Amino acid sequence: MPNFWRKSLAKQASYSSAKTFRDIRLLLFDLPMSTQVKRRIVTYSELKPKFGLGYCYVHICRLEKAGRFPKKVRISANRVGWFEDEILQMLEERAAER
């Protein structure tokens, strides 16, 4: 039996032992937990204390439309946020423009 078949059969056997979708995803991609990225959502109230962005909400919407601020993510019916890594990337790009 070729070696790649053995690996495939071993993986299939381990799929049946997986209890959650997360376990299956880990088996499929063979990624250790430390390499997986967890994205954090930052709300409007956290923008100023954490990043020093004292923009009003309307100005943030204008910047989003112009493509100079990350797109918002709807958290619930009346709440939005932004991914922290996208905000950090935007700030780094702004610093590089200077």
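Just so it is clear, none of the values below were taken in a lab; they were calculated from the coordinates. The shown structure was predicted, so the numbers you read here are calculated from the model rather than taken from an experiment. Cβ placement follows ideal geometry from the backbone for every residue including glycine, while neighbour counts extend to all protein chains displayed.
Take every Cα pair under 8 Å in the range 41-97 that's 6+ residues apart, average their separations, divide by the length, and report that relative contact order as a whole percent.
Relative contact order, the range 41-97: 34 percent.
Quick one: dipole size for the range 41-97, taken about the Cα centre, charges +1 on Lys/Arg Cβ and -1 on Asp/Glu Cβ, in debye to the nearest 20.
Taking the Cα centre of the range 41-97 as origin, the dipole is about 360 debye.
Each label point is 7 Å from the Cα along the Cα-to-Cβ direction; what then is the distance between the points at Ala66 and Glu93, in nm?
1.3 nm
How fast does the range 41-97 diffuse by Stokes-Einstein, in µm²/s, taking the Kirkwood radius from C-alpha pairs at 4 °C and 1.567 mPa s?
111 µm²/s
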